[in-house]
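Peer 1: Right, I'll just put the structure down here and ask away after.
The values are calculated or read from the model by the stated rules, or taken from the named source; none is laboratory data. Note that the structure is predicted; figures quoted are calculated from it, not measured. Reconstructed Cβ throughout: ideal geometry from the backbone, glycine too, with neighbour counts over all protein chains shown.
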Amino acid sequence: MIAPSRPSTSAFLELNRHRHHVRVWQGAADAPTLFLLHGWMDCSASFQFLVDALPAGWTVVSFDWRGFGESDWNVGGYYAPDYLADLDALLEHFSPRAPVWLAGHSMGGMVAMLYAGIRPERVARLASLEGFGLPATQPEEAPGRYARWLRETRAAPVFGPLESMDRLAERQIERNRHLTRERARFMAEALTVADGGALRYRADPRHKMVNPVLYRLEEAKACWRRIAAPVLWLIGGDTWDHPMAKGVFATLDERRECFADLEEVTVENAGHMLHLEQPEATAKALAAFFTAQPARADAGGTDTQ
């Protein structure tokens, strides 16, 4: 694994009655803190290259969502409200008084945007990296969704065997064509663990279970409209053919209208995993946004313990 430019420290914290792995890149004592939230099937280590490119003095905090990375798994399935409560507990631990700088990728961005509308007083500035919500659903989809969930509850999904670390790194590059081989290898090692001589993903395969609760776009939009913080959307220039884009990019205009203060930046030569493919350009956009005036007035997390 390539050596990170900025080493991190790890701790395990009980947050929302659940054991979470928390990673901290410690900066200067009087510098701001940025909280980073990773995406589905990812982990906090995936932000290493982004952190390496961010201002060196910043403290950066990230945790593995429940059932990902080194955090404990659930007994059953996984539901969006749990992520909101986990995030709330994380911020209460590190910044109980000051509103924070918050950024999330994909699923992490979706959770961050919901949270910023539900608890607007807790977020000073918000960046969503490729996390603009899911495709809208229709009530007629509910019977089939519940039926599938019942089937998967009886026989939960499993991951297939992993051939080798090299093959997994190759697959990372196949899915993210701008990813360097070194970074692909880093991610392959971060996302897996040797278990009884076999290689397996760290993530709980029950994350693959269908969510029985339909995604309700109108509810998400109602939350977004309550966001008080300035918001940055970072979009990968090559994202249009990603499965996450289906049904989302065609409705970006109506989603944009929900935000009172929205800025957008397109990161060229990057797909959905822009923080891995173009961490320097992504960091530059984030640094410009979070340090924009009045930066010192709304800098979050400066009371980090």
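Peer 1: Just a yes or no: is a residue in segment 61-68 at pLDDT 95 or above and under 15 Å from ALA188 (Cα atoms)?
Peer 2: yes
Peer 1: Only helices (runs of 4 or more DSSP H) wholly contained in segment 232-305 count here; list those with 2 or more residues that are crowded, with 20+ Cβ neighbours inside 10 Å and modelled with pLDDT of 90 or more.
Peer 2: Qualifying helices (runs of 4 or more DSSP H): 274-277, 279-290.
Peer 1: Looking only at residues in segment 148-163 that are assigned to a loop (DSSP other than H, G, I, E, B), of a type outside the set (Phe, Trp, Tyr) and surrounded by 11 or more Cβ atoms within 10 Å (Cβ to Cβ), which one is farthest from the chain's Cα centre (by Cα)?
Peer 2: GLU163
To keep it simple, each residue is scored yes or no on (1) more than 30 Å from GLU264 (Cβ to Cβ); (2) under 22 Å from the mean Cα position of the chain (by Cα); (3) not in a helix (DSSP H, G or I).
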| site | (1), (2), (3) |
| --- | --- |
| ALA98 | no, yes, yes |
| MET113 | no, yes, no |
| GLY117 | no, yes, no |
| ALA136 | no, yes, yes |
| GLU140 | yes, no, no |
| TYR146 | yes, no, no |
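Peer 1: Anything in segment 216-231 that is surrounded by fewer than 20 Cβ atoms within 10 Å (Cβ to Cβ) and assigned to a loop (DSSP other than H, G, I, E, B)? List them, or say none.
Peer 2: Result: ARG216, ARG225, ARG226, ALA228, PRO230.
Peer 1: Kindly indicate which of VAL193, VAL213 is hydrophobic (A, V, I, L, M, F, W, C), modelled with pLDDT under 95 and in a loop (DSSP other than H, G, I, E, B).
Peer 2: Going through VAL193, VAL213 in turn, just one is hydrophobic (A, V, I, L, M, F, W, C), modelled with pLDDT under 95 and in a loop (DSSP other than H, G, I, E, B): VAL213.
Peer 1: Looking only at segment 209-221, which residues are within 21 Å of the chain's Cα centre (by Cα) and either touching a residue at least 12 places away in the same chain (Cβ under 8 Å) or over 17 Å from PRO81 (Cβ atoms) (or both)?
Peer 2: MET209, VAL210, ASN211, VAL213, LEU214, TYR215, ARG216, LEU217, ALA220, LYS221
Peer 1: Please work out which one of (1) touching an Asp or Glu at 6+ places or on another chain (Cβ under 9 Å); (2) over 20 Å from MET113 (Cβ atoms); (3) not hydroxyl-bearing (Ser, Thr, Tyr) is the condition LEU54 fails and give its number.
Peer 2: For LEU54, the failing item is (1).
Peer 1: Inspect all residues belonging to segment 239-261 and state whether any of them is touching a His at 6+ places or on another chain (Cβ under 8 Å), closer than 27 Å to VAL100 by Cβ, touching a residue at least 60 places away in the same chain (Cβ under 8 Å) and not acidic (Asp, Glu).
Peer 2: Yes, segment 239-261 contains a residue that is touching a His at 6+ places or on another chain (Cβ under 8 Å), closer than 27 Å to VAL100 by Cβ, touching a residue at least 60 places away in the same chain (Cβ under 8 Å) and not acidic (Asp, Glu).
Peer 1: Please go through segment 184-215 and pick out each residue that is surrounded by 17 or more Cβ atoms within 10 Å (Cβ to Cβ) and acidic (Asp, Glu).
Peer 2: Matches in segment 184-215: ASP204 only.
Peer 1: Scanning segment 119-134 for residues that are assigned to a loop (DSSP other than H, G, I, E, B) and out of contact with any strand residue (DSSP E or B) (no Cβ under 9 Å at 6 or more places or on another chain), which turns out modelled with the highest pLDDT?
Peer 2: ARG119
Peer 1: Also, quick follow-up: Which is within 20 Å of the chain's Cα centre (by Cα), among the charged types (D, E, K, R) and either part of a helix (DSSP H, G or I) or at pLDDT below 95 (or both), of ARG206, ARG171?
Peer 2: ARG206
Peer 1: Separate question: Which condition number in (1) free of Cβ contacts under 8 Å to residues at least 60 places away in the same chain; (2) in contact with a His (Cβ under 9 Å, 6 or more places away or on another chain) is the one that PHE159 fails?
Peer 2: (2)
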